[in-house]
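Questions regarding the structure given below will be posed in turn.
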Amino acid sequence: MSVDIGNRLRHLRILNNLSQRELAKRAGVTNSTISLIESNSSNPSVGALKRILDGIPIGLAEFFAFEPERPKKAFYQAEELVEIGKGPISYRQVGDSLFGRSLQILKECYQPGADTGKVPLVHDGEEGGIVLSGRLEVTVDDERRILGPGDAYYFESRRPHRFRCVGPVACEIISACTPPTF
């Protein structure tokens with residue numbers, strides 16, 4: 001059994017109206033430490049987690065026993081999608097919290113020339129998407145394709161991958177990944 005410490009911490013921090021910076025200050029750690037833990041890029045030691053939880057305040061047992069209410073909302077207006085991207089790539093997420101969910105759905109928009117970076121992405125899970133408009137270069141392992149409207153991709157996310165908008169217009173995609181990555 002694995003526990004999603006990052007999303008659990010983020011959910012409780014937000015539930016207690018704390019910013020990452022405020023929680024870091026209370027716990028005596030840097031806000032980048034909180035950010036890395038919440039993105040599941042870093043696993044804290046038990047001692048470090050206890051110090052952070054003291055800043056909420058919540059005990060270790062209560063932290064691991066906490067189960068959030070599953071969202072009952074089934075429908076979302078366009079303006080309710082939550083922006084989780086930045087810069088030339090927009091990621092608009094269905095639902096404000098993914099804690100306890102196993103699927104993440106995004107409406108992505110890549111401005112001309114925007115890409116996910118020269119270093120390929122690698123993470124657990126699977127992902128897929130359908131191009132709505134524009135042209136998207138998708139690289140998976142050593143295979144590269146340029147996809148247009150109606151074209152799609154689907155692969156195991158452990159395979160190194162990269163996305164890049166090619167052409168003079170923005171590229172829009174509807175994508176899904178499991179487990180939630182962002």
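The values are calculated or read from the model by the stated rules, or taken from the named source; none is laboratory data. These numbers come from a predicted model, not from an experiment. Quick reminder, even Gly has a Cβ in these numbers, built from the backbone with ideal geometry, and neighbours come from all protein chains shown. Ligands, DNA and RNA are stripped out before the accessible areas are found, and what is left, the full protein with its side chains, is counted by its heavy atoms. Shrake-Rupley method; radii C 1.70, N 1.55, O 1.52, S 1.80 Å.
Pick from region 148-165 the residues that are open to solvent by 20 Å² or more (accessible area, probe 1.4 Å) and either part of a loop (DSSP other than H, G, I, E, B) or among the hydrophobic types (A, V, I, L, M, F, W, C) (or both): which of them is nearest to LYS118 (Cα to Cα)?
Step one: of region 148-165, the residues open to solvent by 20 Å² or more (accessible area, probe 1.4 Å) are 149-154, 156, 158-160, 162, 164.
If we keep only those that are either part of a loop (DSSP other than H, G, I, E, B) or among the hydrophobic types (A, V, I, L, M, F, W, C) (or both) as well, we get 149-152, 158-160.
On the way: PRO149: 24, GLY150: 26, ASP151: 23, ALA152: 22, ARG158: 17, ARG159: 15, PRO160: 11 Å.
Here the residue is PRO160.
Within region 113-124, is there a residue that is under 30 Å from SER42 (Cα atoms), in a strand (DSSP E or B) and open to solvent by 40 Å² or more (accessible area, probe 1.4 Å)? Walk me through how you get there before you give the answer.
Quick first cut of region 113-124, residues under 30 Å from SER42 (Cα atoms) only: 114-124.
Among the residues that remain, those that are also in a strand (DSSP E or B) are: 115, 121.
Filter again for open to solvent by 40 Å² or more (accessible area, probe 1.4 Å), leaving 115, 121.
The answer is yes; a qualifying residue exists.
Among the residues of region 125-147 satisfying the criterion of being open to solvent by 70 Å² or more (accessible area, probe 1.4 Å) and of a type in the set (Val, Ile, Thr), which is farthest from SER41 (Cα to Cα)?
For region 125-147, the residue satisfying everything is ILE146.
While we're on this one: Under 16 Å from ILE105 (Cα atoms) and of a type in the set (Asp, Glu): is that true of GLU143 in this structure?
no
If you take the residues in region 166-175 that are in a loop (DSSP other than H, G, I, E, B) and modelled with pLDDT of 95 or more, which one is surrounded by the most Cβ atoms within 10 Å (Cβ to Cβ)?
ALA170
Sticking with this one: For the subset of region 65-92 comprising residues that are open to solvent by less than 90 Å² (accessible area, probe 1.4 Å) and part of a helix (DSSP H, G or I), which member is nearest to PRO180 (Cα to Cα)?
By that ranking, first place goes to GLU80.
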